[in-house]
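Structure, as structure tokens:
The values are calculated or read from the model by the stated rules, or taken from the named source; none is laboratory data. Keep in mind that this is a model prediction, so the values were computed, not measured. Every residue, glycine among them, receives a Cβ derived from its backbone with ideal geometry; neighbour counts consider all protein chains shown. Ligands, DNA and RNA are stripped out before the accessible areas are found, and what is left, the full protein with its side chains, is counted by its heavy atoms. Shrake-Rupley method; radii C 1.70, N 1.55, O 1.52, S 1.80 Å.
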Amino acid sequence: MDDSGKRIDGKLVSADVVAKVAQETKKLIDETGVIPGLAVIIVGEEPASQVYVASKGKKAKECGFHSVQHTLPTDTSERDVLQYVRDLNEDPAIHGILVQLPLPDHIDENKVIQTIAADKDVDGFHYTNVGKLGTGDLSSAFVPCTPAGSMILIRRVLGDDLSGLNAVVIGRSNIVGKPMANLLLAANCTVTIAHSRTKDLSGLARTADIVVAAVGRPEMVKADWIKPGATVIDVGINRVDAPERGDGKTRLTGDVDYEGALENAAFATPVPGGVGPMTIALLMANTFTSACRSAGRDVPQF
Ligand code: NAD
């Protein structure tokens with residue numbers, strides 16, 4: 001179907017964000033000598049994680065960053081991982097530290113995340129950053145990349161003033177649903193967080209001017225859940241069987257029946273090509289922001 005005019009193109013918007021980060025990085029280096037530094041720690045050999053980490057490193061280089069990757073064997077002790085984090089906390093060449101999740105079972109993920117210095121926590125998972133976002137202190141917080149990227153997409157189509165709009169966020173995870181709800185609240189939306197125990201989810205979704213789906217259930221959100229004229233942000237990434245592509249083939253799909261939703265929505269993000277590319281772009285933006293802060297410079301808007 002022809003979705004032009006309604007499709008929110010995350011590839012395009014993320015390319016704009018990355019281009020701006022690269023341009024501002026050049027300026028920062030020329031004027032201060034500070035090179036934004038991003039360190040990624042990966043423990044184990046989970047193939048999906050390896051792909052994510054490789055693409056983060058590639059994007060960091062594209063932005064002109066100093067990029068380092070610590071690949072540790074699966075049996076690395078928690079103590080050693082914590083020591084890597086502490087060393088990076090002290091390293092002045094590093095402005096952003098990211099620990100690729102999930103970690104092997106013998107390592108306490110939360111302990112590792114809370115050991116990252118809050119002012120290098122470019123994923124925005126440290127309690128200090130969670131607290132800043134929760135209290136509306138967006139100027140000094142690091143905001144988790146996926147919700148931050150989703151907000152940019154929303155603003156691209158609805159503009160900066162979201163005051164009074166009804167937003168329904170489906171999903172209450174700490175990495176997507178809750179921070180997304182806080183960002184929409186900070187933007188003066190009236191926000192409802194729905195989850196697996198919510199009653200009449202479809203009825204609730206139909207009240208929304210903005211629907212954000214972050215559940216992990218393929219095409220759960222149907223056409224008739226969407227109010228005419230609403231904006232739909234699909235965070236979900238689900239791999240499903242695609243026998244039409246051949247034996248054993250799969251494809252990615254979101255939490256929203258995209259084609260169905262477009263019957264009612266004014267704007268919607270596709271999967272793939274919507275929120276996904278924004279996440280990595282915002283990781284670059286957060287790392288650049290951290291470098292600006294450490295150089296005492298004003299941080300540009302992305
Ligand atoms: P999660 O499993 O931590 O949380 C899922 C949430 O959905 C929970 O809060 C749960 O209450 C809710 N839920 C489950 N079943 C439900 C139902 N039937 N009705 C209503 N709510 C229900 O997941 P997450 O980490 O927040 O990720 C959600 C989705 O977003 C996944 O598909 C994930 O792959 C994707 N994701 C994408 C990106 C990206 O870069 N685009 C980043 C993070 C996560």
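Hey, can you tell me all the residues within the stretch 122-177 that are open to solvent by 50 Å² or more (accessible area, probe 1.4 Å), within 13 Å of the ligand (Cβ to nearest atom) and in contact (Cβ under 8 Å) with a residue 40 or more places away in the chain?
Of everything in the stretch 122-177, those that are open to solvent by 50 Å² or more (accessible area, probe 1.4 Å), within 13 Å of the ligand (Cβ to nearest atom) and in contact (Cβ under 8 Å) with a residue 40 or more places away in the chain turn out to be Asn174, Ile175.
Residue by residue, here is whether (1) surrounded by fewer than 16 Cβ atoms within 10 Å (Cβ to Cβ); (2) among the hydrophobic types (A, V, I, L, M, F, W, C) holds:
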| residue | (1), (2) |
| --- | --- |
| Gly44 | no, no |
| Gly64 | no, no |
| Leu88 | no, yes |
| Asp91 | yes, no |
| His95 | no, no |
| Val99 | no, yes |
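Looking at the stretch 234-251 only, could you name the residues that are of a type in the set (A, V, I, L, M, F, W, C), open to solvent by less than 60 Å² (accessible area, probe 1.4 Å) and within 16 Å of the ligand (Cβ to nearest atom)?
Residues satisfying the conditions are Val235, Val240.
Checking the conditions here, which among Asp224, Asp200 is open to solvent by 40 Å² or more (accessible area, probe 1.4 Å) and either among the hydrophobic types (A, V, I, L, M, F, W, C) or more than 15 Å from the ligand (Cβ to nearest atom) (or both)?
Asp224
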